[in-house]
1. Report, by residue number, each residue of segment 283-300 that is at pLDDT 95 or above and under 24 Å from the mean Cα position of the chain (by Cα).
2. Please determine, by comparing only the residues of segment 246-257 that are within 17 Å of the chain's Cα centre (by Cα) and part of a loop (DSSP other than H, G, I, E, B), which one is farthest from H292 (Cα to Cα).
3. Among the residues in segment 178-196, are any more than 17 Å from N109 (Cβ to Cβ) and buried (at least 22 other Cβ atoms within 10 Å of the Cβ)?
4. Which one of the conditions (1) out of contact with any Gly (no Cβ under 6 Å at 6 or more places or on another chain); (2) open to solvent by 50 Å² or more (accessible area, probe 1.4 Å) does T276 fail to meet, given that it meets all the rest?
5. For F212, which of the numbered conditions (1) more than 28 Å from P309 (Cα to Cα); (2) among the aromatic types (F, W, Y); (3) assigned to a loop (DSSP other than H, G, I, E, B) fails to hold?
6. In segment 289-312, how many residues are out of contact with any Ser or Thr (no Cβ under 6 Å at 6 or more places or on another chain), assigned to a strand (DSSP E or B) and polar (S, T, N, Q)?
7. Whether any residue in segment 277-288 is part of a loop (DSSP other than H, G, I, E, B), in contact with a Lys or Arg (Cβ under 8 Å, 6 or more places away or on another chain), over 15 Å from S197 (Cα atoms) and aliphatic (A, V, I, L, M) is what I want to check.
8. For segment 170-204, what are the residues that are of a type in the set (A, V, I, L, M) and either in a strand (DSSP E or B) or out of contact with any helix residue (DSSP H, G or I) (no Cβ under 6 Å at 6 or more places or on another chain) (or both)?
Amino acid sequence: MNTHARWKRGRLVGLMVTLAVVVAVFHARPAPAQQPEPSTELLPQPADLPAPMPEAPLSTGDLSSDLSPDESPDGSPSPSMVAAVSPRAFLPTVSRPPAALPSPPPDKNNAQAYINYFRALAGAPAVSLDATLNNNCWLHGRYMAENNVLTHQEDPANPWYTPQGQVCAGNGNAWMGGAFYQPYWQPYHAIEGWMGSVGHRLWLLYPTTPVFGFGFYTAANNRAAAGLDVLSRFNSTADASYPNWPVRYPASGQTDVPPTNYAITIFWRYWGPSPTLTGASLRTTDGAAVAHTATTSLDAGHKGVKVTPSAALARNTAYVVSISGTYNGAPFSYTWSFRTSP
């Protein structure tokens, strides 16, 4: 890795650590027994870093672990192996037909298959899972669950701390759930939680990242936690040649959108310019307007548009969303439809 890339990598990790400490103040606290909703935490925002030079991609360095990918530090089997083996747009200048929608995987707890199901809906290529990154994220999940804390920063003085876990902590999505009033014990709860949170979703769907790491851990204290390493293999040098920007979600023709005030997103490459929004609308296919907000201010420094319904979407109802504006000096206009689940 050349000097420029080392500097960029160091700045990125440093920003992650700093923001994680601030976010943890608000989020790292036990959930009361009657508040079972799973928690998520936003990734750090490295928006002030310069765009990567073509000859100096944002690289990962050596993130290998000295642990076997199917073994935890105490020698017990690692649940990370669950992830390893189980888990029209109308443009003035560009037009592409909607992709054929994938079938849901038979097992939502096959983490790799379920992640790739959502990526396929958005037209993004499938990712693979790396066994070492999986193990790192299992270790960070263990740290969070055993300490009952949602964080991107592990304390080296804590008995559950590991340097490998900190790799995932600084490079990924974090999630925590529990088995209180309603159980949140399964890997798919973490993945669905990230998809429902814009900052997490856009990293999970980022189309040029080829490899993730995923780990899920349950503890005797009724806590479950998960990590998804989305930055260790982040490959921004592939963004310029990627042909299918922007990425839209929910997808055109999708029929299982949650009946909540589920955000609708469209985004471009991370290091590119921000779009200018000139119009956004949301309505049912019967023509009834749906109150909403629209913004280009996205979590974690992403570049795109977010349309958020002001109230929960109705069940088993078809909606049409339109978003128009300019990106990098070129006008765009997208209109597509989706349906909520029964």
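The values are calculated or read from the model by the stated rules, or taken from the named source; none is laboratory data. All values derive from a computational prediction rather than experimental measurement. Using ideal geometry, Cβ is built from the backbone for each residue, glycine included, and neighbour counts are taken over all protein chains shown. Please note that ligands, DNA and RNA were not included when accessible areas were found on the heavy atoms of the full protein model with its side chains. Shrake-Rupley method; radii C 1.70, N 1.55, O 1.52, S 1.80 Å.
1. Across segment 283-300, the qualifying residues are H292, T293, A294, T295, T296, S297, L298.
2. P246
3. Looking for residues that are more than 17 Å from N109 (Cβ to Cβ) and buried (at least 22 other Cβ atoms within 10 Å of the Cβ), one finds at least one in segment 178-196, hence yes.
4. Going through (1) out of contact with any Gly (no Cβ under 6 Å at 6 or more places or on another chain); (2) open to solvent by 50 Å² or more (accessible area, probe 1.4 Å) one by one, T276 breaks only (1).
5. (3)
6. Residues meeting the conditions: 2.
7. The answer is no, given that none of the residues of segment 277-288 is part of a loop (DSSP other than H, G, I, E, B), in contact with a Lys or Arg (Cβ under 8 Å, 6 or more places away or on another chain), over 15 Å from S197 (Cα atoms) and aliphatic (A, V, I, L, M).
8. A174, M176, A179, A190, L202
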